[in-house]
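The structure appears right after this line, and notes come after that.
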Amino acid sequence: MSTREEILRAEVAALPLKPGVYQFLDRDGKVIYVGKAKSLRKRVSSYFVNSKEHSAKVLVLVRQICAIKHIVVDSEQDALLLENSLIKSLQPRYNILLKDDKTYPWIVLRRENFPRVESTRIVSHDGSQYFGPYGSISMQRSILEFIREVIPLRTCKLNLAPQNIAKGKYGVCLQYHLGNCKAPCVGAQSEEEYAELLTMVKDVLKGDLRPVRRYLEENMQQAASELKFELAQRFKQRLEALENYQSRSVIVSAKIVDCDIFSLLEDDDVAYCNFIRLRRGSIVALHTVRLTTGVDASAEDMLSAAIQYIVENISHDLSKEVIVPYMPSAAILFDGVTFTVPKRGEKSDLLEFSLKSARIYRAEQMKNLEIKNPERHTERLMNAMQRELHLDHQPRHIECFDNSNLQGTNPVASCVVFRDGKPSRKEYRHFNVKTVVGPDDFASMREIVYRRYSRLLEEGAELPDLIIVDGGKGQLSSAYEVLCALGIEKRVPIVGLAKRIEEIFFPDDPMPYYLSRTGEPLKVVCHIRDEAHRFGITFHRQKRSKAFIKSELEQIDGIGAKSLNALLKRFKTVSKVREASIDELTEVVGAKRAQAIVKYFAVSDIEKP
């Protein structure tokens, strides 16, 4: 045992059996992990025993530990609070780390005289008011367009300081003549009047359209009573714009008024937390953050960390009701908040909508990674495949088999090849089933698997890293028997993919294994299965078509195998042979056979009822 290990074991043995927080330090004295414990000695000692049960990340952490610090507290609740505080201040490498991957669009009310309402992607601590973030630029633009269409605010960048207005420095612009601005630049509108309009803008941004509707209706009625019909028409048009905006805005629920929704999507060593803010039944903010999972990080811990991050950096507060998929580990940190875990109904639908948004965000991130760094994307995907399918090494080379027949006729099979998660079409192979009579899928699978891998062994060619059989336990057993007979069952792993796409079967295991529905491995496996099915069906249809043509043309006197092949190569279908002229047929099979073909079809047309 090394000196370092002896020192660490002595430190662990001296830890108390009380609740508290522990810190792991590296050789430079830097804190690399902070954790909480009900019993410090029992929890910390678990890192140094049963190493085979630890994840690779935990093993890497343990190898870097050179010292242990601890703080004893009175209760588990105090340990939770202290752990949270230390993680925020120290940012240890192996704890959960959050990264805001995308700069979302915001709407800002500038801190200035007669504030402008603008779009921005940069949130500054300049005293301006920021609303959002919005999940898409189109959502943000539609809100801005509505505000500018209905509420007459200035859009110019003039410095409207009182002294500039008093000096008469500016003149009215086209927007004033169009009725879109009340010209505060020339003193035609006071700051108090402008502030009332800004209050309505804030109401709109918070999802409340009632003050704007009331303002427009009152002004329209007043203008009409004063016989100012053009002005009344202008207010009426703005009311219509409000109705149009409300009809196309994201109205989620008429019953659920105000709440926040959080969902968490776990994927390999990262997770994505989506946040949706609902006000008066409308979505007024949507945001997704990316988390790098830490050592021993549970889903509850990650959800708690993400909520804290969003509250501190994005939303700045929480609704009284927060909808979550499960209770966050640090729910106690949020005073006055009720966490709801719905099982059904509208709240469950909201949670599913949030999860869908997280999936879309993840897909965008993966696509960007694939474009910018394809090698890293492939490595990450292969690691996920290896882990999900319990393989000893990455499945860089995958082959998938599928049978195809119609009531036992024209039995064929296909083998598709994927490399690094992508189809390698030049390596696809078709098989005509030769030794099986009738619709026997198990026997057909045995034949094609034997033919494929006996040939690869004879040629000394590369064997795949994984074989997928499209079918359940029966198909898998048939293929596995062949691998055993060839002596390669331990060299090449094989799985069966059942008709229910989430079910994976392993040899000698009667129970199915379910792949994560949100993970990429399931998408890759389904893509491979679908490609094998498509490739097999296409080949089967071609065979059936050729068989029909041959059965039809073989009835013509003088048409043998050589003539049949020539006709198929030139005309492809029976109908095209029927429509061909005598000269076209003569070019392919000679004058005598061409006349026989024309006569055959002429007689068959007469005999048709």
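The values are calculated or read from the model by the stated rules, or taken from the named source; none is laboratory data. Bear in mind the structure is a predicted one, so any value in this text is a computation, not a measurement. Backbone-built Cβ (ideal geometry, glycine too); neighbour counts: all protein chains shown.
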Conditions (1) over 30 Å from residue 31 (Cβ atoms); (2) modelled with pLDDT of 85 or more; (3) buried (at least 20 other Cβ atoms within 10 Å of the Cβ) -> residue 285 fails only (2)
Counting only residues that are under 26 Å from residue 172 (Cα atoms), among the aliphatic types (A, V, I, L, M) and not in a helix (DSSP H, G or I), region 188-226 contains a total of 1
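Using the structure shown, decide if residue 18 is crowded, with 20+ Cβ neighbours inside 10 Å and at pLDDT 85 or above. Please lay out each step first, then the result.
Numbers: crowded, with 20+ Cβ neighbours inside 10 Å: no; at pLDDT 85 or above: yes.
Considered against the rule, which asks whether it is crowded, with 20+ Cβ neighbours inside 10 Å and at pLDDT 85 or above, residue 18 comes out as no.
So that you can scan it fast, the table gives a plain yes or no per residue for (1) under 20 Å from residue 535 (Cβ atoms); (2) without any contact (Cβ under 8 Å) to a residue 60 or more places away in the chain; (3) not assigned by TED's automatic domain parsing to the domain that holds residue 504:
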{"residue": "431", "(1), (2), (3)": "yes, yes, no"}
{"residue": "434", "(1), (2), (3)": "yes, yes, no"}
{"residue": "441", "(1), (2), (3)": "yes, yes, no"}
{"residue": "445", "(1), (2), (3)": "yes, yes, no"}
{"residue": "449", "(1), (2), (3)": "yes, yes, no"}
{"residue": "455", "(1), (2), (3)": "yes, yes, no"}
{"residue": "459", "(1), (2), (3)": "no, yes, no"}
{"residue": "469", "(1), (2), (3)": "yes, no, no"}
{"residue": "483", "(1), (2), (3)": "no, yes, no"}
Looking at residue 187 and the list (1) free of Cβ contacts under 8 Å to residues at least 40 places away in the same chain; (2) crowded, with 16+ Cβ neighbours inside 10 Å, which single condition is not satisfied? (2)
Among helices (runs of 4 or more DSSP H) entirely within region 289-405, at least 2 residues that are under 30 Å from residue 424 (Cβ atoms) occur in 346-372, 374-388
Tell me, yes or no, whether region 567-586 has at least one residue that is on the phi > 0 side of the Ramachandran plot and either of a type in the set (A, V, I, L, M, F, W, C) or at pLDDT below 80 (or both). yes
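Looking at 331, 363, 299, 306, which one is of a type outside the set (Ser, Thr, Tyr), buried (at least 18 other Cβ atoms within 10 Å of the Cβ) and assigned by TED's automatic domain parsing to the domain that holds residue 286?
Values: 331 fails: buried (at least 18 other Cβ atoms within 10 Å of the Cβ); 363 fails: buried (at least 18 other Cβ atoms within 10 Å of the Cβ); 299 fails: buried (at least 18 other Cβ atoms within 10 Å of the Cβ).
One residue alone meets the criteria, 306.
So how many residues does region 161-214 have that are basic (Lys, Arg), farther than 30 Å from residue 317 by Cβ and out of contact with any Cys (no Cβ under 9 Å at 6 or more places or on another chain)? Reasoning before the result, please.
First, pick out the residues of region 161-214 that are basic (Lys, Arg): 167, 169, 182, 202, 206, 210, 213-214.
From what is left, the residues that are farther than 30 Å from residue 317 by Cβ are 167, 169, 182.
Next, from what is left, pick out any that are out of contact with any Cys (no Cβ under 9 Å at 6 or more places or on another chain): 167, 182.
Matching residues across region 161-214 total 2.
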Tally time: how many residues in region 30-54 are at pLDDT 85 or above, more than 37 Å from the chain's Cα centre (by Cα) and not in a helix (DSSP H, G or I)? 1
Of all residues in region 525-552, how many are modelled with pLDDT of 75 or more, out of contact with any Leu (no Cβ under 7 Å at 6 or more places or on another chain) and buried (at least 20 other Cβ atoms within 10 Å of the Cβ)? 3
Starting from region 563-584, keep only residues that are free of Cβ contacts under 8 Å to residues at least 24 places away in the same chain, then list their pairs with residues that are crowded, with 18+ Cβ neighbours inside 10 Å and basic (Lys, Arg) whose Cβ atoms are within a distance under 9 Å, requiring at least 6 positions of separation or different chains. none
Is there a residue being surrounded by 18 or more Cβ atoms within 10 Å (Cβ to Cβ), modelled with pLDDT under 75 and farther than 30 Å from residue 35 by Cβ anywhere in region 209-230? yes
Being assigned to a helix (DSSP H, G or I), in contact with an Asp or Glu (Cβ under 8 Å, 6 or more places away or on another chain) and among the aliphatic types (A, V, I, L, M) is the filter here; which residues of region 55-95 pass it? 58
Only one of (1) within 26 Å of residue 108 (Cα to Cα); (2) among the hydrophobic types (A, V, I, L, M, F, W, C); (3) surrounded by fewer than 17 Cβ atoms within 10 Å (Cβ to Cβ) fails for residue 318. Which number is that? (3)
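Confirm whether residue 171 is in contact with a helix residue (DSSP H, G or I) (Cβ under 7 Å, 6 or more places away or on another chain), at positive phi and surrounded by fewer than 16 Cβ atoms within 10 Å (Cβ to Cβ).
On the way: in contact with a helix residue (DSSP H, G or I) (Cβ under 7 Å, 6 or more places away or on another chain): yes; at positive phi: no; surrounded by fewer than 16 Cβ atoms within 10 Å (Cβ to Cβ): yes.
Spelling it out, it is not the case that residue 171 is in contact with a helix residue (DSSP H, G or I) (Cβ under 7 Å, 6 or more places away or on another chain), at positive phi and surrounded by fewer than 16 Cβ atoms within 10 Å (Cβ to Cβ).
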